[in-house]
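The values are calculated or read from the model by the stated rules, or taken from the named source; none is laboratory data. This structure is a prediction, so every number in the text was calculated from the model and none was measured. Here the Cβ positions follow ideal geometry from the backbone for every residue, glycine too, while neighbour counts run over all protein chains shown. In case anyone asks, the SASA skips ligands and DNA or RNA and just uses the protein heavy atoms, side chains included. Shrake-Rupley method; radii C 1.70, N 1.55, O 1.52, S 1.80 Å.
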Amino acid sequence: MYIVGRILEIKRLTCRIKAFTVEVCERVNTTPGQFMMVWIPQVGEIPLSIAYKEDRLLEFIVAKVGRVTGHMHDNLSKGDRLAIRGPYGRGFTLRNVEKCLMIAGGYGLAPLLYLSHELKRRGTEIDVALGFRTREDVFYTNRFDHVADHVWVFTEDGSYGIKGMVTEVMKKHVKLKDYDIVYTCGPELMMFEVVKHCLEQGVKVEASLERVMKCGIGICGSCILDPLGLRVCKDGPVFDGEVLMKINDFGRYWRCLDGRKVPIKSRFNS
Ligand SMILES: Cc1cc2nc3c(=O)[nH]c(=O)nc-3n(C[C@H](O)[C@H](O)[C@H](O)COP(=O)(O)OP(=O)(O)OC[C@H]3O[C@@H](n4cnc5c(N)ncnc54)[C@H](O)[C@@H]3O)c2cc1C
Ligand code: FES
């Protein structure tokens, strides 16, 4: 069932990322890591992570990549309405976390932003590492300032913060074993490296995956991961690292809209 959302504010964060604050007509019960399906009639419907929630306000961080996201960037303004359904999927573990590390690449910071606020409310100690390609791609690092104990910002070219890949935080800047859990979201090859390294070190890790989605509720099969047949929309999008390592598709293959499997691109902080 759809609910109506009215856009209260649109903020440009970088040349390809905007934040949409939407007021929904009724309160929705959500947990960090879950997503909503956002439908724009005659354009299309896409899954978006909840980046922040307060009462009836939801924030979405949207990267312009194609038809629907392009329409949102170019044609929507304050006051416009969206049809929204959800929340869907399995979110991040919140219980028994005294100290955590979050590792995000690009707009992958969206679900971790909501998670950081929820964990802060529960008294968790939070360290955050955010990775971007260049200075022009950096956004919302300040939104973590008052919830996180440490925030490291990496850019691939060193034009802002620390030069290098965000995954280096695990090897050069922290002792992984100090954390109860590592949460990660971003480009899949980045998450693959995070999950692999955490498991090698014996540290619990959870990653939030993206796949092309149609139904969003576990029926159509477009988001299935081989060989376990797990559905990203229903069994995820947040998966435990141990489970991910049994999924051959993780870090390797992705299904297009027509169901074809293609290798995942080797970009990191996109
Ligand atoms: C659980 C979940 C949460 C997400 N959260 C966010 C978010 O918070 N912010 C955000 O900007 N994006 C998010 N995405 C990705 C977003 O849904 C896609 O970028 C969007 O569906 C693309 O639609 P489009 O019509 O603009 O692009 P299309 O015209 O359909 O395709 C353009 C390109 O985007 C790729 N693409 C298509 N569908 C997806 C998809 N589901 N995920 C990733 N790439 C896709 C295509 O392979 C193609 O290369 C999320 C995806 C999932 C599954
Ligand atoms: S989107 Fe249809 S099963 Fe996941």
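For the reader, a short list of remarks on this structure follows.
- In region 222-245, the qualifying residues are those that are modelled with pLDDT of 95 or more and away from ligand 2 (no atom under 11 Å from the Cβ), and the one that is surrounded by the fewest Cβ atoms within 10 Å (Cβ to Cβ) is GLU242.
- Here LEU48 fits the description: in a strand (DSSP E or B) and either near ligand 1 (Cβ under 8 Å from one of its atoms) or over 30 Å from ARG121 (Cα atoms) (or both).
- Scanning region 75-107 for residues that are within 21 Å of ILE181 (Cβ to Cβ) and out of contact with any Leu (no Cβ under 9 Å at 6 or more places or on another chain) yields GLY89, ARG90, THR93, ARG95, ASN96, GLU98, LYS99.
- Scanning region 125-169 for residues that are open to solvent by 70 Å² or more (accessible area, probe 1.4 Å) and of a type outside the set (Asp, Glu) yields a total of 7.
- Residues of region 53-64 that turn out to be modelled with pLDDT of 95 or more and either over 19 Å from GLN34 (Cβ atoms) or more than 8 Å from ligand 1 (Cβ to nearest atom) (or both), as a count: 6
- Set ILE162, ILE219, ILE181: member being within 16 Å of ligand 1 (Cβ to nearest atom), more than 15 Å from the chain's Cα centre (by Cα) and at pLDDT 95 or above: ILE219
- The residues listed here are LYS120, LYS172; of these, the one that is among the basic types (Lys, Arg), open to solvent by 10 Å² or more (accessible area, probe 1.4 Å) and at pLDDT below 95 is LYS172.
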